[in-house]
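No lab work stands behind these numbers, since they all come straight from the coordinates. These numbers were taken from a predicted model, which means no experiment stands behind them. Cβ: placed from backbone, ideal geometry, glycine included. Neighbour counts: every protein chain shown.
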Amino acid sequence: MRVLAFDLGARRTGVAISDASGTLARPLEVVQGPSLKAQWAALLGVISRVQAEDPALAAIVVGVPHRLDGTATDFTPKALDFIERLSRRVPVPVVPLDERLTSVEAEALLAEHESDWRRRKARLDAAAAAVLLQEYLDSRTRAPLA
């Protein structure tokens, strides 16, 4: 079972994918565009490529941003709209997941291996998607979801 994850952004969306066993997440790529709407076709293309692989795609996890106190950010409605539209377009479950602190954790992980901040920044969004996806995968092994 492979799972894809998106860490949505206004200009960049990080993409991560799990291994075939659904145990480990890894960064896949970063999709860029002037807006989330402009990234739509490229993100659908990523999904199509992954669906064509073996094993096929089982689910898509999408990060939903919240402030530390749990309230919505300005980007939260855009993420929820994206999830709703994507759910109508793909034959697999689209799972919303709170993405608080995923970018902070990804930055810390990247800083351990890369001292150049420009290189870290280029990889940050995909790394944040991998952190998000790993949280989802780990939660499934602790308590299986329906």
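Can you pull the percent of Cα pairs in region 34-80 with separation above 15 Å?
Beyond 15 Å sits 60 percent of the P(r) for region 34-80.
So for each of 78-87, 58-67, 129-138 I average, over its residues, the number of other beta carbons within 10 Å; can you give me the resulting order with the highest mean first?
Averaged packing, sorted descending, gives the order 129-138, 58-67, 78-87.
Between residue 24 and residue 89, take the C-beta separation as r, use R0 = 30 Å, and let me know the FRET efficiency to the nearest 0.05.
0.65
If I model a spin label at residue 138 and residue 71 as a point 7 Å from the Cα along the Cα→Cβ vector, what separation in nanometres do I get?
Here the modelled spin labels are 2.9 nm apart.
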